[in-house]
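Enquirer: Following this message is one structure expressed as structure tokens.
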Amino acid sequence: MELEKQLQASFPNLGDADKIRQLFLEDVTENRLGVSSYRLGEAIYFAYRYIVVGELNDTRRILGIAFQSLG
């Protein structure tokens, strides 16, 4: 994810964007933020892990109803 695009979408408080940029710039070599920051040209990119959790039982029931109605 490009840092500048994330900052534009996040609406940081006045002056905070520069502080955030500096944190990420330092993180490129230190990886203290744990988001694997890196530079590509002048832009700073980062990645963070996420997980989507859902309940499989409801999905099976919905799919079962769908298959029954098709049969």
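Enquirer: Using amide H atoms built 1.01 Å from N in the peptide plane, name the residues 5+ places from I44, or on other chains, whose amide H lies under 5 Å from its own.
Expert: Amide H neighbours of I44, under 5 Å, 5+ apart: L3, E4.
Enquirer: With a 10 Å radius around each residue's Cβ, average the other Cβ atoms per peptide and rank 9-18, 38-47, highest first. Write out the running numbers ahead of the final one.
Expert: Values: 9-18: 10.0, 38-47: 12.3.
Most protected by this proxy first, the peptides run 38-47, 9-18.
Each reported figure results from applying straightforward, stated rules to the coordinates on display, with no laboratory input. Everything numeric in this text was worked out from a predicted model, so none of it was measured. FYI the Cβ positions are ideal-geometry reconstructions off the backbone, even for glycines, and counts take in every protein chain you see.
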